[in-house]
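The values are calculated or read from the model by the stated rules, or taken from the named source; none is laboratory data. Everything quoted here is computed from the prediction, not taken from an experiment. Counting neighbours? That spans all protein chains shown, and the Cβs are built from the backbone with ideal geometry, glycine included. We work out accessible area using only protein heavy atoms, side chains counted, and drop any ligands, DNA or RNA first. Shrake-Rupley method; radii C 1.70, N 1.55, O 1.52, S 1.80 Å.
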Amino acid sequence: MFFVAVLLMGAASLFGLAADAITDDKSKVVQEIKFSPVYCFNTGLEKLIVRPDFIGCVIGEDHPLGESEITEGTERPTDINPQVLARFQSAQAAAKAEGIEMSIDSGYRTIQRQEYLFNRAIKEHNSVEEAIKWVLPGEISRHPWGLALDINLHHEKTGASWLEANGATFGLCRVYENEWWHFEPLVAPGGICPPLKPDASQVK
Ligand SMILES: [Zn+2]
């Protein structure tokens, strides 16, 4: 009986289409418009705005968050990646609306600065193997690529905890089990962050 009903419905819809094609005038075709969301930080409103892809982020009003994981480019930057910054600003604004403060305590570092921190960690830990779990060498770390953010490291931890829980919406993920403060743009905004790695010695 069920199949008969389905067949009849199928026939009716076929007939309906055919009738539309012939008469053409009185029947309204409601077409479903499909679009992908584009994530933008609106500088005027100072918050995340999601726009349809056929509009996209508005030049002069929005900073785009990017539509995928953000990885190393070909040229070494001199500052934090602008899409990573837009992701942070969007998250910061959302956290602030909930009364939670969030700050970048360390973002972009020069390779020289990263090397200095790495060598200092070797001295502190008395071994390269242990140091590399906490601070990566200049050529490997994503801080000199402007792609890593240390959040609230020298402040209250709540902001980083908030970002760990909510960062995927903005494309920011906590990366390591031993570093609650370290975040990277590992997914598209609205994505799902991968599981934590034990520490920074687990190179991708
Ligand atoms: Zn870090």
Rounded to whole Å², per residue accessible area for the stretch 43-155 with a 1.4 Å probe reads 58 Å²
For the stretch 106-121, in residue order, the Karplus 3J(HN,Hα) values (coefficients 6.51, -1.76, 1.60; θ = phi - 60°; whole Hz; Gly and Pro = x) are 7, x, 5, 9, 5, 4, 4, 5, 4, 4, 4, 5, 5, 5, 5, 5
Reduced to Cα centres, the span from the stretch 102-166 to the stretch 47-65 in Å works out to 30 Å
Here FRET efficiency (C-beta to C-beta, E130 to N166, R₀ 45 Å, nearest 0.05) is 0.90
With a 31 Å threshold on alpha-carbon distance, the violating pairs from K123/K197; K47/K123; K123/K157; K47/K157 are K47/K123
When every protein chain stays in place and a 1.4 Å probe is rolled, Y176, Y116, Y108, Y39 sorted by accessible area with the largest first are Y116, Y108, Y39, Y176
Any GluC sites (Glu not before Pro) in the stretch 98-133 that lie in a DSSP loop and have at most 11 other Cβ atoms within 10 Å would be E98
Pseudo-spin-label distance K34 to F54, built 7 Å along Cα→Cβ, given in nm, is 1.4 nm
In whole percent, the fraction of accessible protein surface over the stretch 37-184 that belongs to carbon or sulfur atoms, probe radius 1.4 Å, stands at 51 percent
Working note, the stretch 37-184: Cα radius of gyration (Å, one decimal) and Dmax (Å, whole number) are 16.3, 55
Plugging the Cβ-Cβ distance of D199 and E61 into 1/(1 + (r/R0)^6) at R0 = 45 Å yields, to the nearest 0.05, a FRET efficiency of 0.65
